[in-house]
Amino acid sequence: MQMTMRWFGPEQDKIPLEYIRQVPGVEGVVGALYDVPVGETWPKDKIRALVDQAHQAGLTMEVIESVNIHDDIKIGLPSRDRYIANYQQTIRHLAEFGVKVICYNFMPVFDWMKTEMNYVLPDGSVTMAFEKKGIDKSLEEVVKEVLDNANGFALPGWEPERLAQVQQLFAKYDGVDDDRLRENLAYFLQAVIPVCEEVGVKMAIHPDDPPYSIFGLPRVVKNRDDLDWICQVVDSEANGITLCTGSIAEDPANDVYQILAEFTRRKRIHFAHVRNIKLIQDKDFYESAHLSRCGSLDMYQVMKALYDNGFDGYIRSDHGRFIWGETGRPGYGLYDRAVGTNYLLGLWEALQKR
Ligand code: CS2
Ligand code: MN
């Protein structure tokens, strides 16, 4: 197991790599390029510069989160072949610089959805929340609220230029139901997994957040059966999963511990996002501190499911709250993620020494 933290690069992250290096037990950072338009090939010189920075700080960069997928691939337009060829080339380039795992998602239109970007908890800490009533609004309003409350940071998967025309983007997905989206995912995987096998990279799909349909959009990474279908459609270890405990647990019908155990055993979890959420009522929730008693997940059972089934991939604490006066990119402050990381490492050590 290798413990990592996500880092958004020198321009987009106010946390220096030197600080991440000082978090006990963190060996690597999870990074990405943010100045290459979605769909274009990542150039080698930019990848080299990114990886070199991590190495100079004494950290690995073996996981990329994310190489995002162009909408035309998800929609299944003829132009997808050009974007898939670029993706294949990006995989080859990343492999040359020691990247082992590529995290991605297959959510139409936007990445994760939260309705409260600055939700204040009783102890004064600030977190993100999702409440159903928050999406009973127009699409434009919901998008505007997310973008306006990101504390001035760019959010991957929420490119303002792309979302400026959110209605047109939605219209392009007309006719793309779950089955069609699934076919398009299969088409993509059939094209990229052989390249991954050739160069020693593993793809790791992130679950939908939330793991059910919103705004009538199709969703194909919601639960155990979806993950099983994905693993089988291209039956290769290179076709794997980023198991995000928070996202999967947002649907109380999902048994997070069993899903973790099964897909770890099947050697398909290459990357784990470990965070806790507190379900408030029905499916409304907020992102709590990592500690079991603060949320709805039993983090000991989470780590145990990984440990007992032989997990040897990468882990990162996922979102953290803002504590101790810190402000920044929602979900990605230093302090609470560092606290969470060390809690997870403590659980892991206890599991090893049982
Ligand atoms: C991440 C996701 O910040 C987050 O919520 O877990 O945005 C994740 O990076 C993407 O969905 C993966 O492509
Ligand atoms: Mn996640």
- Here the residues within segment 210-236 that are without any contact (Cβ under 8 Å) to a residue 60 or more places away in the chain, assigned to a loop (DSSP other than H, G, I, E, B) and either within 16 Å of ligand 2 (Cβ to nearest atom) or closer than 25 Å to GLN301 by Cβ (or both) are PRO211, LYS222, ASN223
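Yes or no, residue by residue, for (1) in contact with a strand residue (DSSP E or B) (Cβ under 9 Å, 6 or more places away or on another chain); (2) farther than 16 Å from PHE188 by Cα:
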{"residue": "LYS74", "(1), (2)": "no, no"}
{"residue": "PRO78", "(1), (2)": "no, no"}
{"residue": "TYR83", "(1), (2)": "no, no"}
{"residue": "GLU96", "(1), (2)": "no, yes"}
{"residue": "VAL99", "(1), (2)": "yes, yes"}
{"residue": "MET107", "(1), (2)": "yes, no"}
{"residue": "GLU116", "(1), (2)": "yes, yes"}
{"residue": "LEU147", "(1), (2)": "no, yes"}
{"residue": "ALA150", "(1), (2)": "yes, yes"}
- Query: Pick from segment 250-285 the residues that are touching a helix residue (DSSP H, G or I) at 6+ places or on another chain (Cβ under 7 Å) and among the aromatic types (Phe, Trp, Tyr): which of them is surrounded by the most Cβ atoms within 10 Å (Cβ to Cβ)?
  - Reply: PHE263
- Per-region count, segment 241-258, residues more than 13 Å from ligand 2 (Cβ to nearest atom) and farther than 15 Å from MET299 by Cβ: 6
- Query: Can you spot a residue in segment 177-194 that is assigned to a helix (DSSP H, G or I) and within 14 Å of ligand 1 (Cβ to nearest atom)?
  - Reply: yes
- Some residue of segment 253-274 being out of contact with any strand residue (DSSP E or B) (no Cβ under 7 Å at 6 or more places or on another chain), free of Cβ contacts under 8 Å to residues at least 40 places away in the same chain, part of a strand (DSSP E or B) and not hydrophobic (A, V, I, L, M, F, W, C): no
- Query: Which residue pairs have Cβ atoms under 8 Å apart, sit 6 or more places apart or on different chains, and have a first residue in segment 99-120 that is closer than 24 Å to VAL195 by Cβ and in a strand (DSSP E or B) and a second that is among the basic types (Lys, Arg) and more than 13 Å from ligand 2 (Cβ to nearest atom)?
  - Reply: VAL101/LYS202; ILE102/LYS202
- Restricting the first residue to segment 294-306 and requiring it to be touching a residue at least 24 places away in the same chain (Cβ under 8 Å) and part of a loop (DSSP other than H, G, I, E, B), which pairs with a second residue that is surrounded by fewer than 19 Cβ atoms within 10 Å (Cβ to Cβ) and not basic (Lys, Arg) meet a Cβ separation below 6 Å and a spacing of at least six or different chains? SER296/LEU279; ASP298/SER292
- Of the residues in segment 155-169 that are in a helix (DSSP H, G or I) and surrounded by 17 or more Cβ atoms within 10 Å (Cβ to Cβ), the one that is nearest to ligand 2 (Cβ to nearest atom) is LEU163
- Query: Regarding GLU198, is this residue assigned to a loop (DSSP other than H, G, I, E, B) and more than 30 Å from SER138 (Cβ to Cβ)?
  - Reply: no
- Only one of PHE215, PHE188 is among the aromatic types (Phe, Trp, Tyr) and farther than 23 Å from TYR83 by Cβ, namely PHE215
- Task: Among what's in segment 49-80 and is hydrophobic (A, V, I, L, M, F, W, C) and surrounded by fewer than 20 Cβ atoms within 10 Å (Cβ to Cβ), pick the residue that is nearest to ligand 1 (Cβ to nearest atom).
- Result: ILE75
- Task: Of the numbered conditions (1) more than 14 Å from ligand 1 (Cβ to nearest atom); (2) in contact (Cβ under 8 Å) with a residue 60 or more places away in the chain; (3) farther than 13 Å from LEU243 by Cα, GLY331 fails exactly one; give the number of that condition.
- Result: (1)
- Message: Among the listed residues SER213, SER288, SER247, SER292, identify the single one that is surrounded by fewer than 17 Cβ atoms within 10 Å (Cβ to Cβ) and among the polar types (S, T, N, Q).
- Response: SER213
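Read-outs throughout are calculated quantities, based only on the coordinates presented, and are distinct from any laboratory measurement. These numbers were taken from a predicted model, which means no experiment stands behind them. Glycine also receives a Cβ, built like all others from the backbone with ideal geometry; neighbour counts cover every protein chain displayed.
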